Amino acid sequence: MSNSDDESTWGRSKVETVCSLDCPDTCSLEVTLEKGRIVAIDGSDRHAVTDGYICEKVRRFGDRVYGDTRVPHPLIREGTRGEGRFRRASWDEALGTIATRMIEIRDQWGAEAILPFSYGGSNGLLTQDTADARLFRQFGTSRLARTVCAIPTSTANQALYGKMAGVTYPDYQHARLIVVWGANPSSSGIHLVPHIKTAQKAGAALVVIDPRRTNLARQADIHLALAPGTDVVVALSIHRYLFEHDLADQQFLAEHTHGAEQLRERAAEWTFDRAAEVAGLDAELLENFAEMYAAISPAVLRCGWGLERNRNGGNAALAVLALPTVAGKFGVRGGGYSMSNSGAWNLSPDTWIDTPEPDTRIVNMNLLGRVLLEYRDPPIQMLFVYNCNPVATMPNQNRVLEGLARDDLFTVVFEQVMTDTAQLADVVLPATTFLESYDVAKSYGLSNLQLVRPVIDAVEEARPNVEVFAELATRLGLDVGQDQATDAEALVHLTNTLPEEIRQPLMETGIVTGAGDGTPIQFVDVFPDTPDGKVQLFPEELERESPAGLYRYREDPATRDYPLTLISPATEKTISSTLGELRTGVARLQMHPDDAGARELSTGDTVRIFNALGEVHCPVTLNADMRRGTVGLPKGLWRMSTFNGSTANALVSDELTDIGGGAVFNDARVEVARVMTARFDNQHLAFWTTDPVDQVH
Ligand SMILES: Nc1nc2c(c(=O)[nH]1)N[C@H]1C(S)=C(S)[C@@H](COP(=O)(O)OP(=O)(O)OC[C@H]3O[C@@H](n4cnc5c(=O)[nH]c(N)nc54)[C@H](O)[C@@H]3O)O[C@H]1N2
Ligand SMILES: Nc1nc2c(c(=O)[nH]1)N[C@H]1C(S)=C(S)[C@@H](COP(=O)(O)OP(=O)(O)OC[C@H]3O[C@@H](n4cnc5c(=O)[nH]c(N)nc54)[C@H](O)[C@@H]3O)O[C@H]1N2
Ligand code: SF4
Ligand SMILES: [Mo]
């Protein structure tokens, strides 16, 4: 069903919807259709923050919708696994095959031998944790801990402040000091950037804390190019300074917090000199920043996700997010912090799933390779992947590939396009995109809920998640609700469970704005919803979880063999691996000229980036914006984007963060060497040319 409600279906028309991809901005979109096909996608003015413009990626989303890599109909594997030979199947045959296999596996091994595997995908409330959750809960499969992103930061944020909403983009204009810490909004949330610029024009100072000189860092008053993984000590040195110089807001601490004394004690050892030495910074610059942060208000801190993806990530997030409390930065517009607002609506899928979670095995998704190869009692016999592309996005790629290569594993991949993961499936099911189905987008950068609606008919035989899981459930004899067989019905069901003050405006106007009219002031409009309403500066449960205790630093694991730190942040070309199929040109390693000089490398040389886990072959680009000792590859590459079919995740271990069991994507240690002849893996080599402007940032 198409919603091209103005003009004739076959003429040119413009239709409004919302981008629900895993991006904090949730833009309002204007999609231009001709003869029922998308011809252009742009930002609309409907949402003030979108302000009529969107990123280049989604402007090109039509190329994905109608592209060659799209999965047009169900597929069943014909050749050997990985060979990429499939035959066309009907939905009936594909779902019948899956249902039969699920029942056989349950009878032989128990239902916990089935692992549903999903993450962001289209990121809305309908595409995940609706019919899928009902089905898997009722069937009693293993449960997935969705830890690949945001778990250290959200665990820290939740422990400190509960689900308190953060400062939203428009209020950055009111700040006099903006601190961007481990975030790169120029790529990963572009609508924040103009608000930062406006504030700067009005005299606000900007500080960026990032191992790379990002676009924003170039325009900052202070750029602290710290070594990855050392944020915890940098933040602690500022806490120490605030406490020691009587700059901590004692009245606020007394009224609104617990645990300040314990935090002060843990920070005591981190003088500027010591922190600067560990973090590889100039101690004076660090001190300048601390003085600025103490002196200037309103000060807002944008905490990103780059700082969580290492062995110290949870404690880093805690120490950073505790800064506005200790410095007393709340209670004014433009003051406080922004993290993720995804919890702020307090919406739990349990409200609309109405099937309790079974007490089955919980599997941390970051361990996928290990899980497939090593877990027993029962071993995983079926992996059901949807909203996710684990070959491209999970740690320890070679172990993931080895696991997926198992002969006795039955893999279902429910996908929009033929991803690297789908290539290894037994059955591939075609999924709709957010332009072909209903959803509810919950913004994690702003504070709103918006309705996503189909603007075109589903391409070929693609179907929305809810519909497919509902049908599969029926085939398994399970009850997922008779009234929820389509995404439209499921939308009505879901929204009917929402409080009336949310449901009504959402269904009538397509948008609901959160606390404080969408621009909440912390400690004025929104407050911590911790058990006693206070900020927990020393959450005991995390002290027990964290291997070295709270606010403790764990040493750099670099060795002589692998002295360089590899990071792999978001780029403007993909959303995680989504749209990776449209990359033109091979990816490039970004490396500081000094590190390159020491290895006699020049721009354009083909290099081997390696450690004990794997190796990546691609050209190198000398880039003085990288910190010395830190090299960068893009996040979300498809295998075809390097010479040997391996990406950054082939070098990332499946060890976990200190808090929350997160992935350590930015904590890989590697060495880099020139190769005269790259090991070309022809199956994955898509290009023989390289694209010189293909930079990390
Ligand atoms: N274009 C685009 N937008 C996206 C995404 C995408 O893939 N592409 N992904 C979306 C998703 S899923 C997420 S989670 C967000 C992530 O958005 P961001 O929070 O911006 O996260 P990253 O891009 O991972 O890293 C941000 C910055 O952290 C730096 N960094 C790396 N290690 C460290 C460290 O140890 N300490 C500090 N202080 N900085 C470090 C990196 O150099 C990078 O510039 O973006 C979302 N938006
Ligand atoms: N090296 C490195 N790796 C990283 C990161 C990093 O910083 N460095 N960051 C990590 C982060 S922040 C994240 S969030 C993860 C994300 O990792 P993933 O969750 O794997 O995200 P995507 O790569 O976008 O893959 C989502 C897939 O879901 C499909 N999809 C979208 N909508 C639907 C739908 O409605 N139905 C179905 N069935 N499928 C759908 C898309 O086509 C896409 O292939 O990657 C992580 N991986
Ligand atoms: S990916 Fe982000 S910036 Fe791009 S259209 Fe979607 S919400 Fe907007
Ligand atoms: Mo993410």
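The values are calculated or read from the model by the stated rules, or taken from the named source; none is laboratory data. The structure displayed is predicted, hence computed values, not measured ones. Heads up, the Cβs are rebuilt from the backbone with ideal geometry, glycines too, and the neighbour counts pull from every protein chain shown.
Worth a mention:
- Meets criteria (modelled with pLDDT of 95 or more and not assigned by TED's automatic domain parsing to the domain that holds Asn310) for Thr141: yes
- Of all the residues in segment 17-40, those that are touching a residue at least 40 places away in the same chain (Cβ under 8 Å), over 25 Å from the mean Cα position of the chain (by Cα) and under 22 Å from Arg583 (Cβ atoms) number 1.
- A single member of Ser342, Ser348, Ser297 is more than 29 Å from Arg628 (Cα to Cα), within 16 Å of ligand 2 (Cβ to nearest atom) and not basic (Lys, Arg), and it is Ser342.
- Within segment 312-353, considering residues that are modelled with pLDDT of 95 or more and polar (S, T, N, Q), the one farthest from Ala254 (Cα to Cα): Asn312
- Taken as a whole, the structure places Glu265 among residues that are among the charged types (D, E, K, R), free of Cβ contacts under 8 Å to residues at least 24 places away in the same chain, within 29 Å of Glu541 (Cβ to Cβ) and more than 16 Å from ligand 3 (Cβ to nearest atom).
Listed here are the residues, each with its yes/no results for (1) assigned by TED's automatic domain parsing to the domain that holds Ser186; (2) more than 12 Å from ligand 3 (Cβ to nearest atom); (3) in contact (Cβ under 8 Å) with a residue 12 or more places away in the chain.
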| position | (1), (2), (3) |
| --- | --- |
| Asp42 | no, no, yes |
| Arg46 | no, yes, yes |
| Asp51 | no, no, yes |
| Cys55 | no, no, yes |
| Phe61 | no, no, yes |
| Arg70 | no, yes, yes |
| Glu83 | no, yes, no |
| Arg88 | no, yes, yes |
| Trp91 | no, yes, yes |
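- Criterion violated by Thr26 - all others in (1) touching a Ser or Thr at 6+ places or on another chain (Cβ under 8 Å); (2) away from ligand 4 (no atom under 16 Å from the Cβ) satisfied: (2)
- Residues in segment 572-609 that are within 25 Å of the chain's Cα centre (by Cα) and not in a loop (DSSP other than H, G, I, E, B): Ile575, Thr578, Gly580, Glu581, Leu582, Val586, Leu589, Gln590, Met591, Ile609.
Listed here are the residues, each with its yes/no results for (1) crowded, with 21+ Cβ neighbours inside 10 Å; (2) closer than 13 Å to Asn623 by Cα; (3) within 16 Å of ligand 4 (Cβ to nearest atom).
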{"site": "Thr565", "(1), (2), (3)": "yes, no, no"}
{"site": "Glu572", "(1), (2), (3)": "no, no, yes"}
{"site": "Glu581", "(1), (2), (3)": "yes, no, no"}
{"site": "Asp594", "(1), (2), (3)": "no, yes, no"}
{"site": "Arg599", "(1), (2), (3)": "no, no, no"}
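Rundown of residues vs (1) at pLDDT 95 or above; (2) away from ligand 2 (no atom under 16 Å from the Cβ), yes/no style:
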{"position": "Ser20", "(1), (2)": "yes, no"}
{"position": "Leu33", "(1), (2)": "yes, yes"}
{"position": "Arg37", "(1), (2)": "yes, yes"}
{"position": "Ala48", "(1), (2)": "no, yes"}
{"position": "Tyr53", "(1), (2)": "yes, yes"}
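- Only one of the numbered conditions (1) part of a loop (DSSP other than H, G, I, E, B); (2) closer than 21 Å to Leu144 by Cβ is not met by Phe469, and that is (1).
- In the set (1) charged (D, E, K, R); (2) under 30 Å from Asp525 (Cβ atoms); (3) touching a Phe, Trp or Tyr at 6+ places or on another chain (Cβ under 7 Å); (4) crowded, with 24+ Cβ neighbours inside 10 Å, the condition left unmet by Arg264 is number (4).
- Evaluation of Ile76 against the conditions (1) touching a Leu at 6+ places or on another chain (Cβ under 9 Å); (2) modelled with pLDDT of 95 or more; (3) within 30 Å of Ile380 (Cα to Cα) shows that the sole unmet condition is (1).
- The condition (being in contact (Cβ under 8 Å) with a residue 24 or more places away in the chain and more than 16 Å from ligand 4 (Cβ to nearest atom)) is satisfied by just one residue among Gly304, Gly280: Gly280.
- Filter result for Ala220 (farther than 30 Å from Gln262 by Cβ, in a loop (DSSP other than H, G, I, E, B) and of a type outside the set (Asp, Glu)): yes
- Residues of segment 114-152 satisfying the condition of being away from ligand 1 (no atom under 14 Å from the Cβ) and either charged (D, E, K, R) or assigned to a helix (DSSP H, G or I) (or both): Asp129, Ala131, Asp132, Ala133, Arg134, Leu135, Phe136, Arg137, Gln138, Phe139, Arg143
- Residues of segment 289-311 satisfying the condition of being part of a helix (DSSP H, G or I) and of a type in the set (Lys, Arg): none
- Against the list (1) surrounded by fewer than 24 Cβ atoms within 10 Å (Cβ to Cβ); (2) within 16 Å of ligand 4 (Cβ to nearest atom); (3) at pLDDT 95 or above, the condition Ala156 fails is (1).
- Applying the criterion of at least 1 residues that are acidic (Asp, Glu) to the helices (runs of 4 or more DSSP H) found wholly in segment 312-406 leaves 350-353, 368-374, 397-404.
- Top-ranked residue in segment 10-58 [being of a type in the set (Gly, Ala, Ser) and surrounded by 22 or more Cβ atoms within 10 Å (Cβ to Cβ); ranked as farthest from Leu449 (Cα to Cα)]: Gly43
- Of all residues in segment 196-210 being surrounded by fewer than 22 Cβ atoms within 10 Å (Cβ to Cβ) and not aliphatic (A, V, I, L, M), the one that is farthest from ligand 3 (Cβ to nearest atom): Gly203
- Residue within segment 41-64 that is within 16 Å of ligand 4 (Cβ to nearest atom), within 30 Å of Lys635 (Cα to Cα) and touching a strand residue (DSSP E or B) at 6+ places or on another chain (Cβ under 8 Å) present: yes
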